[in-house]
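Read the structure below first, then the notes.
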Amino acid sequence: MKWINNFTNWYFSKNALPYWCIMLLDCIIVMFSGYVGWYYTIGGLNFAKYFWLLTWGLLISLIFFLFFFKIFHTYSGIIRYSSFVDLRRVAYAVICSTFLIWITFEIFHYSDIDFKYFVLPTRRVIFYMLFFATVLMWFVRIAVMQLYDVFRITEITQGAFIYGIKEGGVGLARNLQTQDPQKYKVVGFVSPTDEFPGKLLMGQNIYHDNLDLVKNMKKKGATVLIVSPLQANHFRDRSEIVDLLVKNNIKIMMLSREEEWDGKSDFRQGQLHEVDIEDLLPRDKIEVDMDAIGELLKGKKILITGAAGSIGSEMARQIAVYKPAELILIDQAETPMHDVRLEMARNYSYIKVETIVTSITNKESMEKIFSEHRPDYVFHAAAYKHVPMMEDNPGMAVQNNIYGTRVIADLAVKYGTKKFVMISTDKAVNPTNVMGCSKRICEIYCQSLDRAIHDQNREERILQVDGSPAITQFVTTRFGNVLGSSGSVIPIFKEQIQKGGPVTVTDPKIIRYFMLIPEACQLVLEAGTMGKGGEIFVFDMGKPVRIVDLARRMIDLSGVKNIEIRFTGLRDGEKLYEEVLSDTEQSKVTSHPKIRVASVREYSYNQALKNEEELYKLSFSFDDMRIVAKMKEIVPEYKSQHSKYEILDSPQN
């Protein structure tokens with residue numbers, strides 16, 4: 001049998017046999033089918049006696065087969081990848097060929113022509129040819145497919161279940177079957193519902209995603225669960241099943257860019273990756289009409305502050321696709337900004353991009369930028385965001401977050417920016433820390449400035465640099481934590497696990513909302529373009545996640561054993577539960593189901609400006625208690641938690 005192994009290794013190592021080899025094989029099958037038909041029709045002795053007459057007749061008949069092989073492309077495909085479509089083409093070609101042979105036989109049968117050199121197949125022989133040619137050509141193709149699957153299985157091939165049984169799951173299974181080398185062999189399917197268990201799909205059993213799933217996978221020798229992209233959201237919601245799989249060391253695989261796969265087209269095996277914690281956090285898919293947004297931004301000048309950060313850089317990528325007239329990217333972090341500059345030059349060389357290292361608090365520098373570029377849209381993402389750092393440095397929170405926002409906002413008005421979109425945070429709602437309060441004061445200023453600009457009864461109009469009335473619309477967006485941003489909890493947990501632990505969680509009850517960075521940016525763009533001015537948009541962040549559950553799942557996913565979870569207590573200014581709206585705030589719906597408008601207490605522009613000027617002047621004293629006391633005066637709902645500033649909330653103060 002060594003020659004069989006040598007032949008199969010040679011054949012399956014090639015991309016495909018030449019088309020003429022397949023055609024020759026099909027012709028041999030046709031001739032063999034004809035011989036079988038004649039043998040059973042006239043017997044062995046007559047078959048031997050008239051062999052050459054019969055052969056010439058079959059060769060003439062073969063012309064009809066060759067014609068229809070060409071019409072139906074039966075030899076154009078690669079046999080090892082044959083599908084039902086290929087088998088159907090073979091059947092069509094054989095049926096048409098035998099039908100034409102039968103018509104020809106009938107014509108010659110009733111004529112006076114004397115056949116001396118060949119004999120055409122009779123009706124019975126034609127029937128044998130129809131049956132045997134179809135069956136044998138099907139058999140060859142199916143056998144080659146099966147042999148291909150057998151010889152592609154190596155020591156690295158793993159048994160896999162597919163989660164999903166409709167077009168996504170079937171498309172995924174078919175794509176995996178064509179991968180070479182074969183890394184995964186499909187040995188079962190998982191139905192998200194109990195509608196199909198007990199039935200077969202592509203020759204494999206269908207199971208339900210219940211608590212017996214791990215047992216069924218082990219019974220079939222499966223060590224991998226590959227999730228159909230079209231079932232990814234449903235799978236994430238099955239947290240009990242996910243935890244069971246992870247605890248039993250079942251690898252969970254997903255596509256890297258699931259939202260772009262339609263369940264039918266091909267994908268590269270490299271796109272499959274073992275899930276990370278970000279893949280398993282429950283979330284609803286967010287639908288945003290990016291093309292409509294792109295039409296508004298196309299040909300416009302767009303300025304983004306904080307452009308080297310997680311949100312700012314992603315916004316730059318998303319906007320760049322729609323060919324703005326110019327992108328002006330601003331950040332004070334030199335090295336990350338250089339990385340952004342290289343990425344823009346590499347991927348978006350077709351648009352003009354200015355990458356500028358400066359601080360939003362440098363009024364002279366910012367004025368020069370606005371006067372030269374005159375941006376149509378400003379997306380303000382620059383801010384100090386780390387809660388413990390700002391608790392220790394309230395003066396810098398005031399100077400960067402609050403004063404920096406006022407500088408950018410005032411310049412946007414002065415130089416005729418159409419829309420100013422400020423990115424805020426859920427920590428601005430009932431703030432318990434300096435960072436959250438600083439963002440709430442930014443919200444107050446932007447909203448009051450918008451009201452002042454568009455107040456038709458205002459005697460003293462706010463003017464642009466050319467003396468015409470201001471037109472800028474101010475929009476604020478609030479959302480919570482974004483997955484993968486610098487300094488967020490997930491990268492910290494990963495580093496702690498790699499070091500062997502412990503994984504530190506502040507409190508067993510603490511929960512947070514999470515959103516993917518691209519999704520958050522899409523909602524910012526949607527809210528920014530739909531806003532008419534003065535709105536504070538809040539995003540539906542989905543389901544909250546207990547941080548201790550997040551830590552446990554990350555430990556299980558890592559496969560590292562005996563990692564301790566250590567509770568360290570809430571940090572200064574930290575909440576157990578983040579909010580998006582305060583108790584006194586109401587919200588109104590918008591055209592997007594994930595975006596609402598908060599109804600918040602409003603301030604007059606004169607009062608907001610006076611408060612900011614006093615606070616900014618006070619920030620240079622670097623007297624933390626006096627600075628925070630002033631912030632609490634501006635935002636009465638600011639109540640410190642786990643902080644030295646709690647003393648300022650006592651009645652005597």
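Read-outs throughout are calculated quantities, based only on the coordinates presented, and are distinct from any laboratory measurement. Note that the coordinates shown come from a computational prediction; the quantities given were computed from them, not determined experimentally. Neighbour counts are summed over all protein chains in view; Cβ atoms, including those assigned to glycine, are modelled from backbone coordinates with ideal geometry.
Odds and ends about this structure:
- The label point for Tyr40 and the one for Glu614, both projected 7 Å from the Cα toward the Cβ, are 10.4 nm apart.
- Using C-alpha pairs below 8 Å separated by at least 6 residues, the relative contact order for segment 290-646 is 18 percent.
- Neighbourhood charge, 13 Å Cβ-Cβ cut-off, centred on Pro508 and excluding it, Lys, Arg +1 and Asp, Glu -1: +2
- Backbone amide hydrogens, once placed in the peptide plane, bring Thr425 within less than 5 Å of Phe479, excluding anything fewer than 5 places away on its chain.
- Cut-off 13 Å between beta-carbons: net charge of the residues surrounding Ser619, Lys and Arg +1, Asp and Glu -1: -1
- Inter-site label distance for Phe622 and Leu53 at 7 Å from Cα along Cβ, in nm: 11.6
- Ascending count of other beta-carbon atoms within 10 Å, so fewest first, for Cys446, Cys27, Cys21: Cys21, Cys27, Cys446
- Of all DSSP beta bridges confined to segment 290-646, the antiparallel ones make up roughly 25%.
- Length gained when the stretch Gln204-Ala333 is fully extended (0.36 nm per residue, less Cα-Cα span): 40.9 nm
- Phi angles across segment 552-568 convert, under the Karplus curve 6.51 cos²θ - 1.76 cosθ + 1.60 with θ = phi - 60°, into 3J(HN,Hα) values of 4, 5, 5, 5, 4, 5, 5, x, 7, 9, 6, 8, 7, 9, 10, 8, 10 Hz, Gly and Pro given as x.
- The calculated FRET efficiency for the pair Ile142 and His234, based on their C-beta separation and a Förster distance of 45 Å, comes to about 0.85.
- Here the Karplus relation 6.51 cos²θ - 1.76 cosθ + 1.60, evaluated at θ = phi - 60°, turns the backbone of segment 225-238 into coupling constants of 10, 9, 8, 4, x, 6, 10, 4, 5, 4, 4, 4, 6, 8 Hz, with x for every Gly and Pro.
- Approximate spin-label separation Glu460-Ser599, in nm, with each point projected 7 Å along Cα-to-Cβ: 3.2
- Applying a threshold of 23 Å to the alpha-carbon distances of Lys199/Lys251; Lys575/Lys632; Lys323/Lys363; Lys499/Lys561; Lys610/Lys630; Lys218/Lys543 flags Lys199/Lys251; Lys323/Lys363; Lys218/Lys543 as lying beyond it.
- For Tyr184, the residues 5 or more places off, or on other chains, whose built amide H falls under 5 Å of its own are Gln158.
- Amide H to amide H distances under 5 Å link Glu354 with Leu327, Ile328, Leu329, where only residues 5 or more positions off or on other chains count and H is placed in the peptide plane.
- Karplus-derived HN-Hα couplings along segment 640-650 (A = 6.51, B = -1.76, C = 1.60, θ = phi - 60°), whole Hz, x at Gly and Pro: 5, 10, 6, 8, 5, 7, 4, 4, 6, 8, 5
- Of the chymotrypsin sites (Phe, Trp or Tyr not before Pro) in segment 330-381, the ones in a loop by DSSP (not H, G, I, E or B) with at most 10 other beta carbons within 10 Å are Tyr350.
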